[in-house]
1. Of the numbered conditions (1) modelled with pLDDT under 95; (2) within 14 Å of chain B (Cβ to nearest Cβ); (3) within 22 Å of residue A:441 (Cα to Cα), residue A:218 fails exactly one; give the number of that condition.
2. Mind counting the residues in region A:420-444 that are farther than 22 Å from residue A:457 by Cβ and in contact with a helix residue (DSSP H, G or I) (Cβ under 7 Å, 6 or more places away or on another chain)?
3. Do you know which residues across region A:296-321 are in contact with a helix residue (DSSP H, G or I) (Cβ under 7 Å, 6 or more places away or on another chain) and surrounded by fewer than 17 Cβ atoms within 10 Å (Cβ to Cβ)?
4. Yes or no: region A:500-517 includes at least one residue that is within 30 Å of residue A:233 (Cα to Cα) and at pLDDT below 90.
5. With the condition being more than 8 Å from chain A (Cβ to nearest Cβ), more than 13 Å from the chain's Cα centre (by Cα) and under 21 Å from residue A:463 (Cα atoms), I'd like the helices (runs of 4 or more DSSP H) fully within chain B carrying at least 2 qualifying residues.
6. With the structure loaded, tell me whether residue A:418 is surrounded by fewer than 23 Cβ atoms within 10 Å (Cβ to Cβ), modelled with pLDDT of 90 or more, in a helix (DSSP H, G or I) and more than 14 Å from chain B (Cβ to nearest Cβ) or whether it fails that test.
7. Exactly one of (1) exposed (fewer than 12 other Cβ atoms within 10 Å of the Cβ); (2) in contact with a helix residue (DSSP H, G or I) (Cβ under 8 Å, 6 or more places away or on another chain) is unmet by residue A:392. Its number?
8. Regarding region A:240-255, can at least one residue be identified that is within 14 Å of another protein chain (Cβ to nearest Cβ), surrounded by fewer than 22 Cβ atoms within 10 Å (Cβ to Cβ) and farther than 21 Å from residue A:446 by Cβ?
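The values are calculated or read from the model by the stated rules, or taken from the named source; none is laboratory data. Just so we're clear, the structure is a prediction, and the values are computed from it rather than from any experiment. Cβ atoms come from the backbone with ideal geometry, glycine included; neighbour counts cover every protein chain shown.
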């Protein structure tokens with residue numbers, strides 16, 4: 001009889017934990033989705049909201065906005081973390097969800113630069129900051145909430161579901177974008193269809209708010225509040241008291257900084273590299289990432305659960321070390337596999353279209369399309385567009401300034417074999433991501449006390465991911481550009497962008513190995 | 001082990017201090033060579049955001065390590 005009662009109680013506990021995980025994860029996943037559609041659509045957004053005179057400047061401006069979204073995250077961590085430690089986890093991350101959903105929806109409605117001029121980038125910039133602020137408050141709350149519901153000895157396993165949400169959010173963002181793009185056709189998508197993924201967010205957030213309203217507060221927080229043990233000033237307690245500050249620093253330098261760069265390199269940088277360095281066509285490059293994410297995602301749970309058995313440290317550090325050693329070889333193979341110079345062209349199948357001349361507004365646009373086929377089944381499409389003003393004076397001015405250069409669009413479509421190989425290369429990088437990221441929520445939760453946990457764990461997480469990781473695209477693009485001998489020529493080292501994540505992950509690895517204990521899984525969350 | 005942690009503490013602190021002039025000099029050199037908008041944006045982000053975080057955290061962490069604050073593992 002007593003055995004039956006125990007079994008029923010255990011079943012109820014597991015079922016309750018599952019509900020908590022599901023409700024928390026859905027909201028966090030949607031927040032990541034909201035955050036990543038902006039980054040994924042960076043190129044289109046730069047064309048819509050920033051002056052087009054200089055495409056590189058426009059892209060950098062977007063990346064800066066993208067970085068701003070990341071850089072603001074630590075402030076969100078401080079603001080909402082403090083709130084979460086003062087009034088509770090549940091209501092705090094409900095607020096972050098509303099802010100995130102509202103800003104994303106609004107980005108989808110902002111008129112372009114052509115319509116409202118400078119107000120367009122200014123409004124988008126502010127909305128992006130709000131997104132970053134909301135995300136800064138969300139993750140720490142969700143991880144803390146789930147960990148505080150999880151039984152001791154299983155925190156790595158249960159919190160790993162929260163860890164899958166960032167990758168699944170990216171997956172959802174890429175999936176929605178691809179579906180909308182295919183349904184509407186590319187020109188319509190680039191004109192106004194890109195707004196749909198932003199607008200869809202309102203529906204997703206509505207569902208998530210409904211689910212979260214039914215959740216109960218964290219039992220540990222409720223108990224602490226009843227006993228009057230909540231912190232009066234979580235910020236001061238977290239960062240002014242030496243014992244907590246030293247844990248914040250070790251969490252940042254020995255774990256989250258390295259984890260952040262590995263996360264962004266394995267997913268975002270990989271996508272950017274496929275599209276910009278390898279010139280792989282939009283849909284094919286996105287599906288490579290999507291498939292690799294699908295196969296890689298279960299490993300978050302695997303490594304989270306494994307960290308309950310063998311400790312968090314060695315899994316995270318192994319992930320960083322292997323990533324540091326493997327990045328250059330992996331990216332070299334990716335680059336070589338897509339490099340057309342190393343393939344044999346079937347010259348008789350090459351087709352060059354007749355120049356198509358159109359008058360668009362005050363310009364004449366001439367388009368020439370070249371299609372090439374290679375012996376391994378790879379195809380290549382190059383579209384060269386030359387825009388010349390009808391007005392002779394303007395034409396002469398642009399010619400004198402050297403601005404009459406044709407715009408080239410390259411699209412490589414890989415053969416099936418190379419396509420699968422690329423998925424394999426990205427999949428390996430996603431495994432590194434799961435090793436460093438799967439156990440990290442449990443690691444962070446366990447090194448801080450309940451009364452200041454939301455604040456203390458959120459800041460190193462968002463500095464590590466938002467600043468160190470979020471700047472990977474900006475700094476890596478810059479490092480590659482620095483190796484370009486002259487404008488228009490290919491970079492001397494297309495892999496130079498990897499030095500940033502390699503350096504940060506190496507330092508993080510040494511600090512983690514020296515100063516972090518592997519015994520955190522045995523610590524009591526109380 | 002404790003001695004190694006302390007010695008590395010000196011290294012982290014020195015790295016934190018050393019990064020400041022290195023970054024500022026590189027920024028000045030690149031902006032002087034090409035004072036474009038993109039150069040200004042990039043170096044502003046690095047100098048205003050990234051560098052202070054790296055410097056402050058490495059210096060403070062290094063000092064803590066040197067004082068033996070991490071002798072008992074975190």
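1. (2)
2. Here is the first cut: in region A:420-444, the ones farther than 22 Å from residue A:457 by Cβ are A:420-432.
Cutting the leftovers down to in contact with a helix residue (DSSP H, G or I) (Cβ under 7 Å, 6 or more places away or on another chain) gives us A:421-423, A:425-432.
Looking only at that region, the number is 11.
3. A:305, A:318
4. yes
5. Numbers: elements: B:2-33, B:37-45, B:51-66.
Ranges flagged: B:37-45.
6. In short, yes.
7. Condition (2) is where residue A:392 drops out.
8. Yes, there is a match, as at least one residue in region A:240-255 is within 14 Å of another protein chain (Cβ to nearest Cβ), surrounded by fewer than 22 Cβ atoms within 10 Å (Cβ to Cβ) and farther than 21 Å from residue A:446 by Cβ.
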